[in-house]
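Below is one structure, written out as structure tokens; the observations come after it.
The values are calculated or read from the model by the stated rules, or taken from the named source; none is laboratory data. Here the structure is a predicted model, which means the values were calculated and not measured. Backbone-built Cβ (ideal geometry, glycine too); neighbour counts: all protein chains shown.
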Amino acid sequence: MVARRILATAIGFGAVFGLLACSSPAPTGWQVTPLLHAPSGSPLFENHHVDREDVPFSIASMKGDTVGGIWAHSSDTWMHVDGTGRKLATFNEQRAVTSFVAESSKTLIATVNADPGQLNTLFRFHTAGRSWTALLSTASHLGDVTRLRDGTVVYVAFPGGEPFPLAPQSYEIDSLSMTGARSVLVRPDLPATVVSLATDSTGTIFVRTETGGFDRAKDGTISAAPAPTARAADEVEFAVVAANPNGDLLSDVADPSSSVTDWHVMGGSDDAHRILTNLPCCGSIAQLSLTRGTTTTRLPFTAGAVAAAWLDDSTFAYVIPGGGDASVIATVRIPK
């Protein structure tokens, strides 16, 4: 998922959502739990005092780490957290990273856009040693990136425009194999402002934009994606999409078949609870939906989410911004 800028207005009050979230927990309800906490006696961030351990910096992008945790990134700040909320790493790195995907728990593939007139680069980022290895350089601006099971890297390229355009522009979906072979997989007819990618174990590539998108099967078959929530041009910030290996998908769907009504925020600090319940409401605010097979269910507790990632086949995490330099990572285990 690629962010154009941090959504700093996601603190509007959603009365209906808040009432639902504060109702008495039911065994069959959906439980939303703030993920992050610091080990006892340990600061959450290097050289940064944090009173609210589960309300970290404003997160622009988040991806799974391949072993049940997540990597989160914004500007020059990186954070690695396991599935229990234990901090594994936090550091600053001065590179203009647009997006990334985990190759392993400690190695990331990242797109980096350079200053005008310089080539943009796809890197392998070894987080343990903070070293960067260039995989390819191109004049095209680079966007979101994902990875297939065979190691092929799939990424968004804008051949003639800006990495975060203010108006729709042409783009293509390219790939880089483990042997270094580069291919153009798709050149869509419709331009887009934001383009996000996800993949499953079958090799299907899920492409989502502010106007819809498509799915590309391994054999190259293209199928249209459901229409997302209609938004004005100045409201287009993110096109969130995340898939688990089974093909269960988190994305914005304007007309899902059903909606969750019984959900509850469990635990967390007062600030985290406030951010997760005082959600933006109504109008063109996007909410993620869960698509499993032919069933699509809206998840109202994700209203205004800017990123999502799967921790395992039935647990996912998502990010709700809290205004200013704050956000909350919440986890949800799909009820049986």
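In segment 55-100, which residue that is part of a strand (DSSP E or B) and hydroxyl-bearing (S, T, Y) is farthest from P34 (Cα to Cα)? Residue satisfying both the conditions and the ranking: T98. Of everything in segment 174-188, what is part of a strand (DSSP E or B) and more than 16 Å from T111 (Cα to Cα)? Give them in sequence order. Selection gives S183, V184, L185, V186. Checked against the criterion of being of a type outside the set (G, A, S), in contact with a helix residue (DSSP H, G or I) (Cβ under 9 Å, 6 or more places away or on another chain) and under 12 Å from A330 (Cα atoms), the candidates T315, T261, T302, T277 yield just one match: T277. Taken as a whole, the condition of being over 27 Å from E103 (Cα atoms) and outside any helix (DSSP H, G or I) does not apply to A242. Within the option set A134, A128, being without any contact (Cβ under 8 Å) to a residue 40 or more places away in the chain and either within 14 Å of W71 (Cβ to Cβ) or charged (D, E, K, R) (or both) holds for one residue only, A128. State which residue is nearest to A102 (Cα to Cα) when the search covers only segment 189-237 and only residues that are within 17 Å of the chain's Cα centre (by Cα), among the aliphatic types (A, V, I, L, M) and not in a strand (DSSP E or B). Among them, the one singled out is V194.
Of all residues in segment 267-296, which are within 21 Å of F316 (Cβ to Cβ), modelled with pLDDT of 85 or more and either exposed (fewer than 12 other Cβ atoms within 10 Å of the Cβ) or out of contact with any Ser or Thr (no Cβ under 8 Å at 6 or more places or on another chain) (or both)?
The answer is A272, H273, L276, T277, R292, G293, T294, T295.
The single residue among A242, A217 that is touching a strand residue (DSSP E or B) at 6+ places or on another chain (Cβ under 8 Å), under 21 Å from G151 (Cβ atoms) and buried (at least 23 other Cβ atoms within 10 Å of the Cβ) turns out to be A242.
Do we have G83 as closer than 23 Å to D200 by Cβ, within 17 Å of the chain's Cα centre (by Cα) and either buried (at least 18 other Cβ atoms within 10 Å of the Cβ) or of a type in the set (D, E) (or both) here?
Spelling it out, it is not the case that G83 is closer than 23 Å to D200 by Cβ, within 17 Å of the chain's Cα centre (by Cα) and either buried (at least 18 other Cβ atoms within 10 Å of the Cβ) or of a type in the set (D, E) (or both).
Within segment 247-304, work out how many residues are assigned to a helix (DSSP H, G or I) and not polar (S, T, N, Q).
Within segment 247-304, residues that are assigned to a helix (DSSP H, G or I) and not polar (S, T, N, Q) number 9.
Quick check on segment 145-172: of everything there that is of a type in the set (A, V, I, L, M, F, W, C) and assigned to a strand (DSSP E or B), which residue is nearest to F91 (Cα to Cα)? Only one residue tops the list, namely V145. Being under 30 Å from D189 (Cα atoms) and aliphatic (A, V, I, L, M) holds for only one residue in A308, A326, A330, and it is A308.
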